[in-house]
Amino acid sequence: MISLIEHYQFQNISISEDVSDFLLDQEIGLYQKYFKNDGENICYSISIRKDENELYNYDIETSYFVGLDRIDSFTKLIYIEPKLNKNDTEIDILKMLFEAMSDPENFDHLQGLVDIDFSSKPILINQKKDLLTPFLVIQFLKILSNLVKKGIKKSYYKISKNLKSRVKGRILINTNITKNIVKNNNIDHHCEYQTFGADIPQNQFLKYVLKFLRRYLEKYPSEIKGSLKDLFNYINPVFESVKDVSFKQFKIRETNPFYLEYNSLYDIGNQILKIQGFNLSKDSSTEQNVPPYWIDMSKLFELYVFKKLREEFKGKNEVFYHRKFKGGKETDIILKVPGYECVIDCKYKPRYDSYAPSLQDLRQLSGYCRLKSVYKILDKDIAYNIKGVIIYSSQYHSDLIKKDNLFLNPINEYIDFYKLPISLPIIP
């Protein structure tokens, strides 16, 4: 396995000798993987070439993605871990997600967070390196707990039952003859009728997925195991009246806008069942089969920052996440609070602790701050200078965002531009 660090560049001697020797045995060429095959966001790039002395060299570049994949050209695995990981500290990606998912508004912004390749052969790895399964489990339980809080869907459905001394709905003639008439029981009637309740296929599927999660949580290694068990124990009693039915996948889509969480739960639940299907014949509790996957850390950082901002600014319509404008322009966050109006750009770049933000990032933020649509959202006259803030990752500062610190650290040579650090959770 080639183990690398996310968003880093390696030239020849920067990785282990056995991997270096292996790469120099490969054919000259460029080996790349793109997130969701979009041709823009690259997960890794490995270039093998000859220098002016006809000696083999290689360059490796990774981006803002962590994950596990198979390089078919090399018949070798590649595993990329978070860039902030060090010998004595490790970023808790799962806790970042757990925190972000504590705000239900983030449920609508999970698209594009994970890229899973179920068409490829699964990869057997140590369970501790499996980020994908717990990543999906957290999403499923968080969304489902929010659904349970407002009430799961109920509907009319047919039920077939032998009724004593009464008739309801219509009598099932053939069944009634078999169960009652031939036994000389002329009092009871086997009927089919409609009833209203939660025992519908949609909820039966959710209950089926929950059965797998109960077993998984028993061996869950993370610090947030207790919190996830609490969520499970909160959710599970609601499904006691729902029958146990088995599913391979679920294809129904929900159209009622009040219950749109169901669609996210169907998608995530189907993914969990596929992964479980890879491991049904396994007895090992230390290894797990998972499909190749990639997690967008810059997207996760945005969700994490959004939740932290919502903790500080709790009013309705104060924090706007990913507003889209003409020409493909899309802001990260707009803050509409009297005295704190600004455009916020989230940058998962710890180097901004020591260096000024790049010219490219500053130009991007400046462009957002000058959009007429942003002025309209903030109800500002065009003569007003809208502030811009870059929130970046740093393990040397607080994990909270306070309004008094928002404009505390100006970016030199730029008017009304500021930067603000926030630390990420680490595994104890």
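Derivation of every value follows stated rules applied to the coordinates shown; laboratory data play no part. Here the structure is a predicted model, which means the values were calculated and not measured. Positions of Cβ are backbone-derived with ideal geometry, glycine not excepted, and every protein chain shown enters the neighbour counts.
With the radius of gyration and the Kirkwood radius both derived from the Cα set of the stretch 357-428, what is their ratio Rg to Rh?
Rg/Rh for the stretch 357-428 comes to 1.04.
Relative contact order (percent) for the chain, with alpha-carbon contacts under 8 angstrom and 6 or more residues of separation?
About 15 percent, as a whole number.
Principal axis extents for the stretch 30-74, Cα atoms only, whole Å, descending order, please.
37, 20, 16
Of Lys142/Lys251; Lys95/Lys248; Lys211/Lys347, which pairs sit farther than 27 Å apart, going by alpha carbon to alpha carbon?
Going by Cα-Cα distance, Lys95/Lys248; Lys211/Lys347 fall outside the 27 Å limit.
What does the charge count around Phe258 come to, taking other residues whose C-beta lies under 10 Å from its C-beta (Lys +1, Arg +1, Asp -1, Glu -1)?
Combined, the nearby Lys, Arg, Asp and Glu give 0.
Could you rank the peptides 63-75, 172-184, 146-158 by their average count of other C-beta atoms within 10 Å per residue, with the highest value first?
Those peptides, ordered most packed to least, come out 63-75, 146-158, 172-184.
Write down Rg/Rh for the stretch 155-196, rounded to two decimals, with Rg from the C-alpha atoms and Rh from the Kirkwood relation over Cα pairs.
1.01
Over every pair of different alpha-carbon atoms in the stretch 50-118, take the mean of 1/r and invert it; report that Kirkwood radius in Å.
After inverting the pairwise mean of 1/r, the radius is 15.8 Å.
Within the set of other residues whose C-beta is less than 12 Å from the C-beta of Glu318, count the net charge using Lys and Arg as +1 and Asp and Glu as -1.
Cβ neighbours under 12 Å give a net charge of +1.
Just to be sure I understand the curve: with the Debye formula and one point per C-alpha of the stretch 2-81, what is log10 I(q)/I(0) at q = 0.14, 0.15 Å⁻¹?
The Cα Debye sum returns log10 ratios of -0.43, -0.49.
Show me, bin by bin at 20 Å from 0, the whole-percent P(r) of the chain based on Cα pairs.
21, 46, 24, 7, 1
Once the piece of chain linking Lys225 and Lys274 is laid out straight, how much longer is it, given 0.36 nm per residue of separation minus the C-alpha distance between them?
The Lys225-Lys274 span can extend by a further 15.4 nm.
Among Gly269, Gly112, Gly39, determine the one that fluctuates most according to a GNM of the chain built with springs between C-alpha atoms less than 10 Å apart.
Of Gly269, Gly112, Gly39, the Gaussian network model singles out Gly39 as fluctuating most.
So how many Å³ per residue does the convex hull of the Cα atoms of the stretch 147-277 work out to?
Hull volume over Cα atoms, normalised by residue count, gives 155 Å³.
Could you work out the Kirkwood radius for the stretch 298-422, taking every pair of different alpha carbons, averaging 1/r and inverting it, reported in Å?
Mean inverse Cα-Cα distance, inverted, gives 14.6 Å.
Under the rule of -39500 (n - 2.57) per DSSP H run of 4 or more residues, summed and divided by the residues of the chain, what mean residue ellipticity at 222 nm is obtained, to the nearest 500 deg cm²/dmol?
-9000 deg cm²/dmol
In the structure shown, do any of Lys33/Lys207; Lys229/Lys403; Lys299/Lys336; Lys326/Lys349; Lys179/Lys243; Lys129/Lys243 have a Cα-Cα gap over 32 Å, and if so which?
Lys33/Lys207; Lys229/Lys403; Lys129/Lys243
Using Cα centres only, tell me the gap between the stretch 33-95 and the stretch 218-264 in whole Å.
For the stretch 33-95 versus the stretch 218-264, the Cα centre distance is 34 Å.
On full extension of the chain, what length is gained from Leu408 through Asp381, given 0.36 nm per residue of separation minus the C-alpha to C-alpha distance?
That pair, Leu408 and Asp381, stretches by 7.3 nm at full extension.
Based on the Kirkwood radius over alpha-carbon pairs, what is the Stokes-Einstein translational diffusion coefficient of the stretch 217-350 at 25 °C with 0.890 mPa s viscosity, in µm²/s?
In µm²/s, the coefficient is 127.
Can you compute the FRET efficiency between Lys129 and Ser165 using 1/(1 + (r/R0)^6), with r the Cβ-Cβ distance and R0 = 41 Å? Round to the nearest 0.05.
0.10
Beyond 19 Å, what share of the Cα-Cα pairs of the stretch 101-190 remains, rounded to the nearest whole percent?
Tail of the P(r) past 19 Å holds 66 percent of the pairs.
Using 0.36 nm per residue of separation minus the Cα-Cα distance, give me the extension gain between Lys179 and Ile42 in nm, one decimal.
Length gained, Lys179 through Ile42: 42.8 nm.
Of Ile46, Ile171, Ile143, which is the most mobile in a GNM of the chain whose springs link Cα atoms less than 10 angstrom apart?
Among Ile46, Ile171, Ile143, the largest mean-square fluctuation in the Gaussian network model of the chain belongs to Ile171.
Going through the DSSP H helices of the chain, which span 24 Å or more along their own axis at the Cα atoms while scoring at least 0.5 as a mean Kyte-Doolittle hydropathy?
In the chain, the long hydrophobic H runs are 132-150.
Ranked by Cβ crowding within 10 angstrom, fewest neighbours first, how are Phe232, Phe98, Phe258 ordered?
Taking fewest neighbouring Cβ atoms as first place, the list is Phe258, Phe232, Phe98.
How much FRET efficiency would the formula 1/(1 + (r/R0)^6) give for Asn263 and His322, where r is the Cβ-Cβ distance and R0 is 30 Å, rounded to 0.05?
The value I calculate is 0.95.
In the structure shown, do any of Lys316/Lys376; Lys153/Lys376; Lys128/Lys314 have a Cα-Cα gap over 29 Å, and if so which?
Result: Lys153/Lys376; Lys128/Lys314 exceed 29 Å.
Excluding Asp199 itself, calculate the net charge of residues whose Cβ lies under 14 Å from the Cβ of Asp199, where each Lys or Arg counts +1 and each Asp or Glu counts -1.
Surrounding charge for Asp199 is +4.
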